[in-house]
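Participant: Structure incoming, see below.
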Ligand code: ATP
């Protein structure tokens with residue numbers, strides 16, 4: 001993805017956006033490569049949408065510059081940028097049918113009727129809505145409306161497509177289905193997608209790379225695997241999935257240094273012996289304080305020597321809810337592979 005031959009689609013150079021006292025975006029540096037599916041992930045108010053709006057041109061940086069394919073666009077209006085946006089609320093024209101909605105951008109550009117019809121058909125095909133051109137938006141489901149919004153945004157072949165929580169209004173099943181479809185569409189068209197979400201699972205499912213935002217800054221940029229396996233800070237370790245953070249005296253005893261490290265709950269084995277050479281295994285005694293049965297897996301809270309609690313997750317491969325719930329109060333041995341300890345840089 002990031003190699004010397006790749007083209008930078010979007011570059012943030014020390015970009016800040018202040019609203020009075022509020023530092024919505026604070027000195028952000030960022031490179032997004034051409035053809036990437038890139039997600040901006042973070043909690044509410046962390047600055048993602050403001051970054052997206054500045055790429056679109058709906059907002060301007062207070063300081064710093066934004067480049068699109070090498071051109072400084074910091075002061076260009078939205079219509080002079082080769083960028084399109086898909087919003088969560090679809091923003092379809094209710095009085096126009098699906099075909100007219102999709103063709104709108106081409107009509108504005110005075111593209112001929114024949115050419116418009118051809119490209120609308122291509123787009124309907126792409127978003128799997130062939131045959132729906134004559135319907136009004138009110139006659140569509142939420143997922144179908146979202147596809148129309150996507151087709152309308154893609155028909156002009158923008159260089160960059162911005163998506164602001166586009167799946168937020170859909171129920172979980174449809175959302176998961178659309179995640180897979182969106183990713184497939186992005187690969188097919190090869191356009192750079194920049195996707196804003198506060199849903200870590202969504203970002204991990206779809207993205208080539210993710211930027212994790214917190215309080216107007218970027219905590220870490222990396223592939224889903226890097227972000228999950230090697231979180232750079234306590235914030236990332238906690239926001240993306242669940243993590244145990246261990247520091248001080250307990251960290252020194254378990255990992256040989258008082259510096260904080262993170263350890264994912266699913267990497268900890270409860271009771272069963274680990275298949276690894278003893279020198280690679282870290283073990284500690286504990287007592288199960290709480291058990292939460294979640295169907296597919298069970299979450300245990302285990303107090304270890306030193307008085308700290310570790311979250312441990314195990315799949316319910318053979319166990320029943322009765323088995324796991326009876327574990328409460330039991331003495332257990334926890335163990336994990338030394339490689340699964342992740343020292344935090346931040
Ligand atoms: P969400 O997921 O809730 O949309 P976000 O990460 O996208 O959050 P932003 O919308 O970028 O966050 O907002 C960042 C900060 O800037 C917030 O504290 C917000 O209140 C503030 N902010 C955004 N737009 C404005 C504005 N027009 N005027 C004043 N403050 C603003």
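The values are calculated or read from the model by the stated rules, or taken from the named source; none is laboratory data. Computed from a predicted structure; not experimentally measured. Here the Cβ positions follow ideal geometry from the backbone for every residue, glycine too, while neighbour counts run over all protein chains shown.
Participant: Looking at this structure, is residue 233 surrounded by 15 or more Cβ atoms within 10 Å (Cβ to Cβ), more than 16 Å from the ligand (Cβ to nearest atom) and at pLDDT below 95?
Facilitator: On the way: surrounded by 15 or more Cβ atoms within 10 Å (Cβ to Cβ): yes; more than 16 Å from the ligand (Cβ to nearest atom): yes; at pLDDT below 95: yes.
Judged against the criteria, residue 233 is a match.
Participant: Keeping to the range 313-342, report how many residues are under 27 Å from the mean Cα position of the chain (by Cα), assigned to a strand (DSSP E or B) and within 21 Å of residue 249 (Cβ to Cβ). Break it down into steps so the answer makes sense when it comes.
Facilitator: Kept after step one, since they are under 27 Å from the mean Cα position of the chain (by Cα), are these residues of the range 313-342: 313-315, 339-342.
Now narrow it down to the ones that are assigned to a strand (DSSP E or B): 313-315, 342.
When the remaining residues are screened for being within 21 Å of residue 249 (Cβ to Cβ), the result is 342.
Going through the range 313-342 one residue at a time, the tally reaches 1.
Participant: Okay, moving on. Identify, by number, the condition in (1) buried (at least 18 other Cβ atoms within 10 Å of the Cβ); (2) modelled with pLDDT under 90 that residue 251 doesn't meet.
Facilitator: Result: residue 251 fails condition (2) only.
Participant: Identify all residues within the range 232-263 that are within 17 Å of residue 283 (Cβ to Cβ) and in contact with a strand residue (DSSP E or B) (Cβ under 8 Å, 6 or more places away or on another chain); write none if there are none. Before you say what the answer is, go through the steps one by one.
Facilitator: Quick first cut of the range 232-263, residues within 17 Å of residue 283 (Cβ to Cβ) only: 244, 246, 250-256, 261, 263.
Result: 244, 246, 250, 251, 254, 255, 261, 263.
Participant: For the range 128-151, which residues satisfy the criterion of being in a helix (DSSP H, G or I) and either closer than 18 Å to residue 118 by Cβ or in contact (Cβ under 8 Å) with a residue 40 or more places away in the chain (or both)? Talk me through it step by step, then tell me what you get.
Facilitator: To start, the set of residues in the range 128-151 that are in a helix (DSSP H, G or I) comprises 137-139, 142-151.
Once the filter is applied, which keeps residues that are in a helix (DSSP H, G or I) and either closer than 18 Å to residue 118 by Cβ or in contact (Cβ under 8 Å) with a residue 40 or more places away in the chain (or both), the range 128-151 yields 137, 138, 145, 146, 148, 149, 150, 151.
Participant: Pick from the range 206-217 the residues that are surrounded by fewer than 21 Cβ atoms within 10 Å (Cβ to Cβ) and in a strand (DSSP E or B): which of them is nearest to the ligand (Cβ to nearest atom)?
Facilitator: First, the residues of the range 206-217 that are surrounded by fewer than 21 Cβ atoms within 10 Å (Cβ to Cβ): 208-209, 214-215, 217.
With in a strand (DSSP E or B) added as a condition, the list becomes 209, 214, 217.
Numbers: 209: 18, 214: 9, 217: 11 Å.
Step by step, filter the range 206-217, then rank; the result is 214.
Participant: Let me ask something else. Is there a residue in the range 101-124 that is over 16 Å from residue 154 (Cα atoms), surrounded by 17 or more Cβ atoms within 10 Å (Cβ to Cβ) and in the same structural domain as residue 152 (by TED's automatic domain parsing)?
Facilitator: So the first thing to find is which residues in the range 101-124 are over 16 Å from residue 154 (Cα atoms), and the list is 110, 112-114.
Narrowing the set further to residues that are surrounded by 17 or more Cβ atoms within 10 Å (Cβ to Cβ) leaves none.
Within the range 101-124 (the criterion being over 16 Å from residue 154 (Cα atoms), surrounded by 17 or more Cβ atoms within 10 Å (Cβ to Cβ) and in the same structural domain as residue 152 (by TED's automatic domain parsing)), the answer is no, since none of the residues qualifies.
Participant: Being part of a loop (DSSP other than H, G, I, E, B) and touching a helix residue (DSSP H, G or I) at 6+ places or on another chain (Cβ under 9 Å) is the requirement here; does residue 158 meet it? So that I can check it myself, show each step before the final result.
Facilitator: Numbers: part of a loop (DSSP other than H, G, I, E, B): yes; touching a helix residue (DSSP H, G or I) at 6+ places or on another chain (Cβ under 9 Å): no.
Taking the combined requirement at face value, the residue does not satisfy it.
Participant: Moving on. Quick one: residue 203 ticks every box in (1) within 11 Å of the chain's Cα centre (by Cα); (2) within 16 Å of the ligand (Cβ to nearest atom); (3) touching a residue at least 60 places away in the same chain (Cβ under 8 Å); (4) surrounded by fewer than 18 Cβ atoms within 10 Å (Cβ to Cβ) bar one, so which box is it?
Facilitator: Here residue 203 meets the rest and fails (4).
Participant: Please go through the range 161-199 and pick out each residue that is over 16 Å from the mean Cα position of the chain (by Cα) and part of a loop (DSSP other than H, G, I, E, B).
Facilitator: Once the filter is applied, which keeps residues that are over 16 Å from the mean Cα position of the chain (by Cα) and part of a loop (DSSP other than H, G, I, E, B), the range 161-199 yields 169, 170, 171, 190, 191.
Participant: Let me ask you something else. Check residue 220 against each of (1) within 16 Å of the ligand (Cβ to nearest atom); (2) within 10 Å of the chain's Cα centre (by Cα) and name the one condition it does not meet.
Facilitator: Condition (2) is where residue 220 drops out.
Participant: When you scan the range 175-198, how many residues do you find that are touching a residue at least 60 places away in the same chain (Cβ under 8 Å) and touching a helix residue (DSSP H, G or I) at 6+ places or on another chain (Cβ under 9 Å)?
Facilitator: Qualifying residue count, the range 175-198: 12.
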